[in-house]
Structures are given as C-alpha cells and as structure tokens.
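The values are calculated or read from the model by the stated rules, or taken from the named source; none is laboratory data. Keep in mind the model is a prediction, meaning the values are calculated, not measured. Cβ placement follows ideal geometry from the backbone for every residue including glycine, while neighbour counts extend to all protein chains displayed.
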C-alpha cells in the first residue's frame, strides 16, 4: 500500500503496544489482504507488527480480492481488510463494506492503480475508512515517488500528519511563516514528508489525469476488440461497469503453465514487445513463506498472466501489431 512515504525494507523492529500507527492495528491483530498485488500492500501490515492473512481473488475475470473468501477467513483477531483495486478496476465495495460492518472491521482501499476510478459514481478511496494513491514513476500520473492518503475520519488524518513528520505538533514551514514559534513531539513519527519539488510536479500532473484516463480507456477498447474472441486467453474485466483508470492491461492464458507463459513473453520480446507480469504472488516471497495462503485462483493467475503495453501515446497500429504477434506466437 503506497501512501506517499518511503519505508525501510527491513521489518525487525519490536513495536510497543502504544505505537500502533494510524488505524490502531498492531501485534496480535490480523489483516485480510490480497496476494495478487505489489508487495507494499502487504508490507504495510507487517510494518505495524500485525499478521497478514491472504485472501484469494474473485475469479479469472475479476482480479480483486474476493468478498466470500474474506468472510471465510475472518477470525476473532481480524481487525481490517485491505482491498487493492487491481488495474484501476474497483473491488466489490458493497460486499466488502457489508462484511466490514457485520464484523466491525476497518477497510483500507489501496488505490495505487486507481486515480479517478469510480464505484457506482463514487470515487475510490471515499468508500472505505482510509485509502491511498501512488505517484510512483510508472503510475498514471507521477512525481517519481510518494503518494496521497485520504480518510473521512479527521482523527485518522490528524494521526497520519503527526506520523509523517517526526510526531511534531507543528511543521517547520508553519514556524517559518510565524504561525507557531515552538512545537512538541507527541508521538514516535517518521520523516515521510513529500518535498516541495515533487509537490509542485504533482499539482501540474493532476491537470493531466482526466485526459490520461480518457486516452487509456480508448486504448483498452482497441485491445479488447482485437483479443476478445481468442479462446486461448482471458481478458479480465470485460464487463466492468464503472470508470477505471486502466492502469495496466493484463491477459490470462488458459490451460497454461508458468513455463509456457514465460516462453510466450520471450517470443513477444523477440518481436520487440516488452511485457510484464502484475504480480508475483506475495505469499510466495521468502519473507511471507510461513504465512498460510489457500489462494488457488491467485496462484494460477500469477503463473499465467501477461501484462501488455498500455501507456499514454500508444498508437492504434502498435496495438494491432501486439495483438497480431500474440496470435502468431499462439499459432492461431
């Protein structure tokens, strides 16, 4: 979960009970998380000493966390659900929020993929208790690093502001402007402030977001047009109803293996087409190998998913070439 802060990759700190971060989650607590996500989503749980519990994705068509599997894996220790809006497509927020209400759980929206995405005409990160966007260099809009945190609860925002700046009650720019002459340190905070240069870049990028999302939507439609009738692949989210940022364009190979997927990616590279895979399953990383994970859909998807090029400025003839190359490699 990328929240506009840089965090160490090491997680061996013993966390006192009174330091449980913004949502008061810490050692002894469990948080339900997807495994089909960037590892930062799950690391956010580990940073506060809580235990991640992996839930499966909904289906090969819907790569977001599965509400039914969430409910199956709730225990007395469960404190929160993190839903990652995969590829910019909204998770099933009605079901997730209903589960959260039933079991008195917090909901964190990881919208790193989803600036300007919506669920039933509501912007993502406005539905859960707290949410975050990423401004990393490969996102729809970027200032190279950092992100944005959003919450409806003013107490969460107040705590997050303390944590981002050493736990200080006033910041240096406030003192420089004469708004305050001293400060106290009331919590164990960090140095996670976005600098002014990146902030200025981000303000300029915001004006480009609507056009970026509109262009990506058109590019996705072209991909779907050329690929939807190929029986050997699945194009997820073809029937998605709501506005999406279309951060990435994944396809899933049917009746395939990881080795076969890698050979197809190699063939694409030989044709000058760069592909990727979003993502290796988090529960397979060494740091999480002791965590239980009964996630069969995730394991098949992570072995057989290919992310095709999708970026502002991609041309229609380039998409046609990519799709033609896929058909050639699949010998169609």
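Okay, residues lined up against (1) surrounded by fewer than 19 Cβ atoms within 10 Å (Cβ to Cβ); (2) out of contact with any helix residue (DSSP H, G or I) (no Cβ under 9 Å at 6 or more places or on another chain); (3) in contact (Cβ under 8 Å) with a residue 12 or more places away in the chain:
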residue: 223; (1), (2), (3): no, no, yes
residue: 247; (1), (2), (3): no, no, yes
residue: 256; (1), (2), (3): yes, no, yes
residue: 296; (1), (2), (3): yes, yes, yes
residue: 301; (1), (2), (3): no, yes, yes
residue: 309; (1), (2), (3): yes, no, yes
residue: 317; (1), (2), (3): yes, yes, no
residue: 326; (1), (2), (3): no, no, yes
Fill in the blank from the handout: Screening 187, 110, 116 for residues that are touching a residue at least 60 places away in the same chain (Cβ under 8 Å), in contact with a helix residue (DSSP H, G or I) (Cβ under 6 Å, 6 or more places away or on another chain) and surrounded by fewer than 19 Cβ atoms within 10 Å (Cβ to Cβ) leaves only 187
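Of 283, 226, which residue is under 20 Å from the mean Cα position of the chain (by Cα), assigned to a helix (DSSP H, G or I) and outside the structural domain of residue 136 (by TED's automatic domain parsing)?
Details: 226 fails: under 20 Å from the mean Cα position of the chain (by Cα).
When all the criteria are applied, what remains is 283.
Return a yes/no flag: does segment 251-266 have any residue that is closer than 17 Å to residue 34 by Cα and under 21 Å from the mean Cα position of the chain (by Cα). Reasoning before the result, please.
Residues of segment 251-266 closer than 17 Å to residue 34 by Cα: none.
The answer is no, given that none of the residues of segment 251-266 is closer than 17 Å to residue 34 by Cα and under 21 Å from the mean Cα position of the chain (by Cα).
Identify, please: which residue in segment 75-92 is more than 17 Å from residue 245 (Cα to Cα) and touching a strand residue (DSSP E or B) at 6+ places or on another chain (Cβ under 7 Å) and is, among those, surrounded by the most Cβ atoms within 10 Å (Cβ to Cβ)? Even if it seems obvious, please write down each step before you answer.
Filtering segment 75-92 for residues more than 17 Å from residue 245 (Cα to Cα) gives 75-82.
After this cut, where a residue has to be touching a strand residue (DSSP E or B) at 6+ places or on another chain (Cβ under 7 Å) as well, the list is 75, 77-82.
Working: 75: 9, 77: 12, 78: 19, 79: 21, 80: 22, 81: 30, 82: 25.
Once the filter is applied, the top-ranked residue is 81.
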Exercise for the section: Could you figure out which of (1) assigned by TED's automatic domain parsing to the domain that holds residue 118; (2) surrounded by 12 or more Cβ atoms within 10 Å (Cβ to Cβ); (3) in a helix (DSSP H, G or I) isn't true of residue 200? Expected result: (2)
Problem - The one condition in (1) in contact with a helix residue (DSSP H, G or I) (Cβ under 8 Å, 6 or more places away or on another chain); (2) surrounded by 13 or more Cβ atoms within 10 Å (Cβ to Cβ); (3) in contact (Cβ under 8 Å) with a residue 60 or more places away in the chain that residue 238 fails to fulfil - result: (2)
Handout entry: Check on residue 167, on the phi < 0 side of the Ramachandran plot and either crowded, with 18+ Cβ neighbours inside 10 Å or free of Cβ contacts under 8 Å to residues at least 24 places away in the same chain (or both)
Key = no
Problem - Condition check for residue 133: touching a residue at least 40 places away in the same chain (Cβ under 8 Å), surrounded by 18 or more Cβ atoms within 10 Å (Cβ to Cβ) and in a strand (DSSP E or B) - result: yes
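Conditions tested, residue by residue: (1) under 30 Å from residue 312 (Cβ atoms); (2) assigned to a helix (DSSP H, G or I).
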{"position": "142", "(1), (2)": "yes, no"}
{"position": "160", "(1), (2)": "no, yes"}
{"position": "174", "(1), (2)": "no, yes"}
{"position": "178", "(1), (2)": "no, no"}
{"position": "182", "(1), (2)": "no, no"}
{"position": "205", "(1), (2)": "yes, yes"}
{"position": "216", "(1), (2)": "yes, yes"}
{"position": "219", "(1), (2)": "yes, yes"}
{"position": "237", "(1), (2)": "yes, no"}
